[in-house]
Amino acid sequence: MPSPSLGPRVLLRRLREVMAEQTSAQARLDKIVMAIAANMVAEVCSVYVLQGGTVLELYATEGLRREAVHQSRLKVGEGLVGLIAEQAIGLNLTEAESHPSFKYLPETGEELFHSFLGVPITRGGAVIGVLVVQNKTKRHYTEEEEEALQTTSMVLAEVLAASGFLEAQRTTLVGTADLRTQAMVGEGLAEGVALGHVVLHEPRIRIQNMIAESVPDELKRIDAGVLQLRQHVEDLLEGSEALSSNDSSDVLETIRMFAHDKGWLARLKEAVQNGLTAEAAVERVQNDNRARMARTPDPYLRERMHDLDDLSNRLLRLLTGAVATAARTDLPDNTIVVSRNMGPAELLDYDRSKLRGVILEEGGKTSHVAIVARALGIPAVGQATGIINLVDDGTSLVMDGGAGDIFVRPSSELEKSYAEKVRFYASRQAAYRALRDLPSVTKDGQAITLNINAGLVVDMPHLHESGADGVGLYRTELHFMMAGRFPRLSAQVKHYKSILDQAEGKPVVLRTLDIGADKTLPYLRQPREENPALGWRSIRMALERPALFNLQVRAMLIAASGRELRIMFPMIADVSEFEAARDGVLKEREFLRKHGHVLPSSLKLGAMIEVPALLWQLDELLPMADFASVGSNDLVQFLFATDRGNPKLAGRYDPLSPAALSALRLIVEKGKQHGKSVTLCGELGGKPLEAMGLAGVGIASMSMVPSGIGPVKAMVRSLDQGKLWAFMQPLLSSGKHSLRQDLADFAKANGVEV
């Protein structure tokens, strides 16, 4: 039976010596597996490296046949090695062949070996390979040996990265001329193409020294760092105004809990005792937590991974003295910001004259940062899983915010191709700008009002730059979401006055707070709900919190002072809700009149139609409302009982289906019957083909992202609306899943620019 191993500290010292040798990367890796085998008293040590995100290739071995190196491959999930990579857990087997996942690779000669110990090699929370030791005798490796191999795997991860062995995780290689070019596809959040260089939103904390010189000294550093971290978290808790008024401090409270968790501290110290420095120990434990929790089916536990990340990053900064965030204004030209996630306020901190694009590992189309990016015209891609592990500050990159394509270290040919696409995009925008002052009227004389959606002061210049007719939807909640506390009356008045001033007489529709579902305020107590999109949100919350609602309405009335004011209520599901909200506004107006305030010259109150139940109450609602606006995003998702944020359901139900278009036609007809204007302010209005379908059913006013004004106006001016409606009318009762292709065919046949 083999004698016990010499321990991880001895092995780490030997690895440090090998890493310092001036030889080829492959030679160093060959020596490393020999050193691990000798230390572990194992007859086999093998390193498999993940390639292309799906295949594990044997990169080095001591004990198996050398000719199998770079020839033996297993898919993720295939064999014992593939299982380790897939589940990010270790395997300790007395008899490898008895495991149901065992797969025999004849070219390796591993039939001679029975006992098996394998651990994932992780970096930045992602599995990048697998480290395996084997013996001929049937034995169960000790816990100390497992821990030693796991510690070794972390150092090996940095060796692989420094040696250039790693391909992009979850990516594919592009071309053969430049094998460094890597491509991945995320979710397009904001259209536009960008070429530039990476600036990490939170620069990766680089650990210069991973192997401890003095374990006692490193243990003292861990204790001191954790003590400092705990005080830092307490200071955050005590210094936050939001925490004094409600219990919305879940994140910080969770961080406090983890900071005082004895198990977490014990794991950190165990990693140090195995020979790692304090900061390397933090990264080792952080990698383990990320890899395991990212694969749990429980969404709540997955969210806790972010809390652990936050805690570990804070501790790493304390141990290394790293700066917390990247400089926001001192940016290189053509900056593309890469981040795990960020809030809308953080995006606004960046110098927009140098910012060309944003890429997020998380963030979907309905995230607040995506909304801001679209408003600012900044190309953005979300759901770019693993991007942070692929890039560093200064890495060259090409991105397409429409398609979601990302190219890391693009070849010169790829850069030229996308540079041409940028020029084409710019020429199209120039053509759209030429339409700026032309009327938005169809070929058969139907006027279509084109407005912009906005939510920030920085959006307002787009109103005039685009030639839009007005602001069809001003999302007031974005101002609240970016504030550290509930804005006071004076702050709200100043904000709304600024918006109306910048509109320069063009109409602006201010929507009252639409909070709830995916939009939350950190300082406002909100209950946890199983179905928040269908829960206590928007007007429902406002009517039960009349003080908040009345304060906002009062601010709007004061800000309008002598000008027209249009207020719209979101999420109306019943006529009584509109009546209650209307009465609240009228009471505030009467209060201000009695106190000598200058009132708006006119007051118009409208309802958002986004709850299907309202479709059968339009005869009661429209006589008492001054206008109505269709919130197509929610209306379509509620019509089909489909979560629009669920990627598994994306595209299953088309808003250009007969059902959705028929609902819109009904609203248009009811609006005409009661002499009330109807507009649409959802995402549909900003896309030419979708906008054409809306115009076909009679929607004569649309509100959209500013970048959509030009393309949609070009479509409108090339369209015969009467001819389109004659084409669409019989199709609404066709029972088809979607009319998208029919509309595309009509556009092509009739020269409509879509």
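The values are calculated or read from the model by the stated rules, or taken from the named source; none is laboratory data. Everything numeric here is computed off the predicted structure, so don't read it as measured data. Here the Cβ positions follow ideal geometry from the backbone for every residue, glycine too, while neighbour counts run over all protein chains shown.
Consider the stretch 717-734 and keep the residues that are in contact with a helix residue (DSSP H, G or I) (Cβ under 7 Å, 6 or more places away or on another chain) and not hydroxyl-bearing (Ser, Thr, Tyr). The one that is nearest to Glu191 (Cα to Cα) is Leu719. When residues of the stretch 100-112 are filtered for being in contact with a Phe, Trp or Tyr (Cβ under 8 Å, 6 or more places away or on another chain) and either within 24 Å of Glu143 (Cβ to Cβ) or surrounded by 15 or more Cβ atoms within 10 Å (Cβ to Cβ) (or both), how many remain? Final tally of qualifying residues: 1.
Would a scan of the stretch 356-378 turn up a residue that is of a type in the set (S, T, N, Q), modelled with pLDDT of 70 or more and in the same structural domain as Gly394 (by TED's automatic domain parsing)?
Initially, the stretch 356-378 is screened for residues of a type in the set (S, T, N, Q), giving 366-367.
From the residues that got through so far, the ones that are modelled with pLDDT of 70 or more too are none.
Looking through the stretch 356-378, none of the residues is of a type in the set (S, T, N, Q), modelled with pLDDT of 70 or more and in the same structural domain as Gly394 (by TED's automatic domain parsing).
Exactly one residue among Arg436, Arg374 is closer than 24 Å to Glu683 by Cβ and assigned to a loop (DSSP other than H, G, I, E, B), and that residue is Arg436. For beta carbons closer than 8 Å, sequence separation of 6+ or different chains, a first residue in the stretch 715-731 that is farther than 18 Å from Ser440 by Cβ and a second that is crowded, with 18+ Cβ neighbours inside 10 Å and of a type in the set (Phe, Trp, Tyr), the qualifying pairs are Phe727/Phe746. Of the residues making up the stretch 214-237, those that are touching a residue at least 12 places away in the same chain (Cβ under 8 Å) and farther than 17 Å from Glu270 by Cβ are Gln228, Leu229, Arg230, His232, Val233, Glu234, Leu236, Leu237. The combined condition, being over 38 Å from the mean Cα position of the chain (by Cα), buried (at least 21 other Cβ atoms within 10 Å of the Cβ) and among the hydroxyl-bearing types (Ser, Thr, Tyr), is fulfilled by Ser115.
How many residues are touching a residue at least 24 places away in the same chain (Cβ under 8 Å), surrounded by fewer than 19 Cβ atoms within 10 Å (Cβ to Cβ) and assigned to a loop (DSSP other than H, G, I, E, B) if we restrict to the stretch 440-460?
Step one: of the stretch 440-460, the residues touching a residue at least 24 places away in the same chain (Cβ under 8 Å) are 440-444, 446-460.
Subset that is surrounded by fewer than 19 Cβ atoms within 10 Å (Cβ to Cβ): 441, 443-444, 446-447, 449, 457-458.
Of the ones still in play, those that are also assigned to a loop (DSSP other than H, G, I, E, B) are 443-444, 446.
Counting residues in the stretch 440-460 that are touching a residue at least 24 places away in the same chain (Cβ under 8 Å), surrounded by fewer than 19 Cβ atoms within 10 Å (Cβ to Cβ) and assigned to a loop (DSSP other than H, G, I, E, B) gives 3.
Tell me whether the stretch 590-601 contains one or more residues that are under 41 Å from the mean Cα position of the chain (by Cα) and under 20 Å from Phe549 (Cα atoms). Yes, the stretch 590-601 contains a residue that is under 41 Å from the mean Cα position of the chain (by Cα) and under 20 Å from Phe549 (Cα atoms). Within the set Gly63, Gly52, Gly77, the sole residue that is modelled with pLDDT of 90 or more and surrounded by fewer than 21 Cβ atoms within 10 Å (Cβ to Cβ) turns out to be Gly77.
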